[in-house]
1. Sum up the charges of everything whose Cβ sits under 10 Å from the Cβ of Ala407, counting Lys and Arg as +1 and Asp and Glu as -1, but leave Ala407 out.
2. Please report the carbon-and-sulfur percent of the accessible area for region 287-428; probe 1.4 Å, protein heavy atoms only, DNA, RNA and ligands left out.
3. Hey, rough spin-label estimate for Arg89 and Asp272, points 7 angstrom out along Cα→Cβ, what's it come to in nanometres?
4. Among residues other than His497 whose Cβ falls under 10 Å from its Cβ, what is the net charge (Lys/Arg +1, Asp/Glu -1)?
5. Subtracting the Cα-Cα distance from 0.36 nm times the residue separation, let me have the gained length for His228 to Met350 in nm, one decimal.
6. Regarding region 307-397, what whole-number volume in Å³ per residue does the convex hull of its Cα atoms give?
7. Could you sort Thr90, Thr132 by accessible area so the largest value comes first, with the probe set to 1.4 Å?
8. What translational diffusion coefficient, in µm²/s and rounded to a whole number, does the Stokes-Einstein relation yield for region 206-364 at 20 °C and a viscosity of 1.002 mPa s, taking the hydrodynamic radius as the Kirkwood radius over Cα pairs?
Amino acid sequence: MRPVFRSSSSLSRIRWALRNQERYSSTFSSRSRKLLIGANHNEALVNTNTCNSTLHSRLSFSRGLSAEAVEAADAALRLSVSSSADVNRTGPLVEYERRISDGELMTGDICQLGALKELQRLHDQLVESVDTCRLDRYNTSDKSSRSRWFWSRIMPQSSVSPVKGLYLYGGVGTGKTMLMDLFFDQLPCTWKKQRIHFHDFMLTVHSRLQKHKGLSDPLEVVAQEIAHDAILLCLDEFMVTDVADALILNRLFGHLFSNGIILVATSNRNPDKLYEGGLQRDLFLPFIASLKERNVVHEIGSAVDYRKLTSAEQGFYFIGTDLSTLLKQKFQELIGGNVVARPQVVEVVMGRKLQVPLGAKGCAYFPFEELCDRPLGAADYFGLFKKFHTLALEGVPVFGLHNRTAAYRFVTLVDVMYENRARLLCTAEATPQELLEKIVTISDAKSMSPRTSSRSRKNDVSELCVDNELGFAKDRTISRLTEMNSKEYLEQHAITHNL
């Protein structure tokens, strides 16, 4: 039965089309769903076009319905579908805007927004290429995975991802870690993804290399194991200071990229400045070229250090000498007045063990010398904070040329604590800024005094420690120490560790 119009005007006809839009849209959606079930992608496209044609014919079958009415109805339908897509859109930029509107974050930083657009671009590309990139861990059968592995043994083949990763770099406290976490958390939990600190990642690599020692190319096997667990690899605080890491990164990531790995990394350094001044850096340069080829490089140029905008207090950072009694008193208050702290042993990677002088209720107590003046590293610190959530550190000194190695360990310790959202109680000789004031880069030293720019000047009265890597890392350490003593950080620590 044809519809009957009381008025011959186009306006009446348009209104009739719009009133019936919902009914026809429902018919279209219902039939589309039925047609899509069990169909392949090409069939789905054909069926969708068929449904669109059906909808159009239903709207225009009336002799009384004008072309203008049909066009208006189609436009309204397209607008409805577009609005629905916007509502259902996901990704880091969408979540960032929501948090700002809800008051969870400060008003958008234009530099962060630039980085978020790159992260949103990557998010959208990954969603579109989920099958091609083999991201969904439940979409590929074990049989096909074994088949690929078998044929790769006979005929080595590359499976480089069609999607480029992202390398975000910028100054300290500009929100790089927050942005990467925002990106990572918006991706489906069924995807093969991993978010890990670069220190921890390299420790895992070295541990696996030990396990496969004796193979012709253990790095290739390690890369296959990593790719089996995670196609999307998010590395926070990408920095290279160790010659052992520098010498294997090119081959490691060559194998990783060949296995389809997509990298998202944050760093304080431009890729061209990685491992600057390091031993045998010429062997490291091919890795920089590979990194730039497989990733979009984006700088976050914000001059704001958001860590220093927290409500910093000095409740757990005590400045002065002879404060051992005070620190032990605060330590006892944290573990409980009736609890007795005792020496403990922590197992770290590759069978190593770390002696803890005093420990109880997730809190560990160390003199500075026992944690930073001994041959310990990131592996020991990660092992420590897998068992303890709070560290009481007694007697942090001012750093300079005479204790440069201890300064390196202290910087690493702070990085590991921050990554694990651990709480720090400490006594120190000076404020965070003053502790590292004598650590400078070569360029800083030249601008201060040409005579101090050589590391061989042992009689330099200023006691400057001229070290590019350490000088570059000190701003990050100062920033993190400041934030770790803030109310916001301590509240988040309590939530993270259920305190």
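The values are calculated or read from the model by the stated rules, or taken from the named source; none is laboratory data. Small disclaimer: the values here were computed from a predicted structure and weren't measured. Quick reminder, even Gly has a Cβ in these numbers, built from the backbone with ideal geometry, and neighbours come from all protein chains shown. Side chains are part of the model used for accessible areas, which takes the heavy atoms of the whole protein and leaves out ligands, DNA and RNA. Shrake-Rupley method; radii C 1.70, N 1.55, O 1.52, S 1.80 Å.
1. +3
2. Ligands and nucleic acids excluded, carbon and sulfur reach 50 percent.
3. Taking the two extended label points, one gets 3.4 nm.
4. +2
5. Using 0.36 nm per residue and subtracting the Cα-Cα distance, I get 41.7 nm.
6. Taking the convex hull of the Cα positions in region 307-397, it is 122 Å³ per residue.
7. Result, largest first: Thr132, Thr90.
8. Approximately 107 µm²/s, per Stokes-Einstein.
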